[in-house]
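The values are calculated or read from the model by the stated rules, or taken from the named source; none is laboratory data. What you are looking at is a predicted structure, and each value in this text was computed from that prediction instead of being measured. Because the Cβ atoms are built from the backbone with ideal geometry, glycine has one as well, and the counts that use them run over all protein chains shown. To get the accessible areas, we keep the full protein, side chains included, count just its heavy atoms, and leave off ligands, DNA and RNA. Shrake-Rupley method; radii C 1.70, N 1.55, O 1.52, S 1.80 Å.
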Amino acid sequence: WIESVHQEPDGTLYGWYHHEKGPVCQNRLPRYYAAPAIGAGISHDNGATWLDMGFVIDDEPNTFNCDTVNKYFPGGSGDFSVIVDQKKEYIYFLFSTYGKDTGQQGVSAARMRYDDRNDPVGKVWRWYQNGWTQPGINGKVSPIFTANRDWHSTKPDAFWGPSVHWNTYLHSYAMLLNRAIDPNYWQEGIYITFNADISKPQGWSTPQRIRKDGSWYPLAVGTNKGETEKLIGRKARYFEQGVSLWEIEFVKPGQSADAAINAQ
């Protein structure tokens, strides 16, 4: 399914989808398992039909943990958000990584040149050891937020499911995160982090919790003219699992908080 979209002035839509490839770890696990990968598509008819351009972020099966107790994935990369930078130089991917190496688990970053959007396969590069040095296909990552405890243990502790936007009020990128604390992705809370320069993954602030527990897929959507889920001002609608019962309000540094959720 498509998890992120960018629209050109001429109406062309670029979409990036989460695809669960399976079965994987056959004869090793007691249930059907799949591993996520990220692919790209393009639409010239407002999303009515799509041309699949192929996978841009994928992982080798030898990076999967086939002894996992995780209820969903033994490995792979997915549950992501994509955003074009303010200068339209790069397209950035913020994505969840689930491999067997704990040092590779968490929320990671990759990018490709904006000019490569029509031919994206092999053009995405992952952030690794302070540079965009690893390929999107089968490359390594240095996570922005590494898992505190192994995804594949009985007591994982990791951020996942990033949703990123440019905040015009803060003049900064903002990213909402889930935090999972058990193999079924039970939520400890919803967090937010900020970074004025998305080209520097090490620049994201320490995530702060804005909601205890909560549900999967936090998302902010702007409601003013011209705003979207990628372009938001001081206030926006806040969603979980596709439902909005709240507003989210952003506060500039030096005040009481960076963001707060208000029931509406």
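Couple of notes before you dig in:
- Of the residues examined, residue 193 is not one that is touching a Ser or Thr at 6+ places or on another chain (Cβ under 8 Å), assigned to a loop (DSSP other than H, G, I, E, B) and under 17 Å from residue 94 (Cβ atoms).
- Residues within segment 230-251 that are open to solvent by 60 Å² or more (accessible area, probe 1.4 Å) and assigned to a loop (DSSP other than H, G, I, E, B), tallied: 3
- Remark: residue 156 matches the filter, which requires a residue to be surrounded by 21 or more Cβ atoms within 10 Å (Cβ to Cβ), more than 13 Å from the chain's Cα centre (by Cα) and of a type outside the set (A, V, I, L, M, F, W, C).
- Qualifying positions in segment 6-38 - free of Cβ contacts under 8 Å to residues at least 40 places away in the same chain and either closer than 18 Å to residue 114 by Cβ or basic (Lys, Arg) (or both): 7, 8, 9, 10, 11, 12, 13, 15, 28, 31
- Residues being small (Gly, Ala, Ser) and open to solvent by 40 Å² or more (accessible area, probe 1.4 Å) - total across segment 216-229: 1
- Residue in segment 101-124 that is touching an Asp or Glu at 6+ places or on another chain (Cβ under 8 Å), among the polar types (S, T, N, Q), open to solvent by less than 10 Å² (accessible area, probe 1.4 Å) and under 17 Å from residue 62 (Cα atoms) present: yes
- Residue identified as in contact (Cβ under 8 Å) with a residue 40 or more places away in the chain and either of a type outside the set (Lys, Arg) or open to solvent by less than 40 Å² (accessible area, probe 1.4 Å) (or both) among 172, 96: 96
- Residue, nearest to residue 156 (Cα to Cα), within segment 175-190, restricted to residues that are within 16 Å of the chain's Cα centre (by Cα) and open to solvent by less than 20 Å² (accessible area, probe 1.4 Å): 180
Residues are listed down the side, and each one gets a yes or a no for (1) buried (at least 20 other Cβ atoms within 10 Å of the Cβ); (2) without any contact (Cβ under 8 Å) to a residue 40 or more places away in the chain; (3) under 17 Å from residue 94 (Cβ atoms); (4) polar (S, T, N, Q):
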| site | (1), (2), (3), (4) |
| --- | --- |
| 44 | no, yes, no, no |
| 53 | no, no, no, no |
| 66 | no, no, no, no |
| 74 | yes, no, no, no |
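- If you go through segment 126-140 and pick out every residue that is among the hydrophobic types (A, V, I, L, M, F, W, C) and over 16 Å from residue 37 (Cβ atoms), you end up with 2.
- Any hit, segment 149-171, residues being of a type outside the set (Val, Ile, Thr) and touching a helix residue (DSSP H, G or I) at 6+ places or on another chain (Cβ under 7 Å): yes
- Residue, surrounded by the most Cβ atoms within 10 Å (Cβ to Cβ), within segment 32-42, restricted to residues that are of a type in the set (A, V, I, L, M, F, W, C) and over 16 Å from residue 94 (Cα atoms): 35
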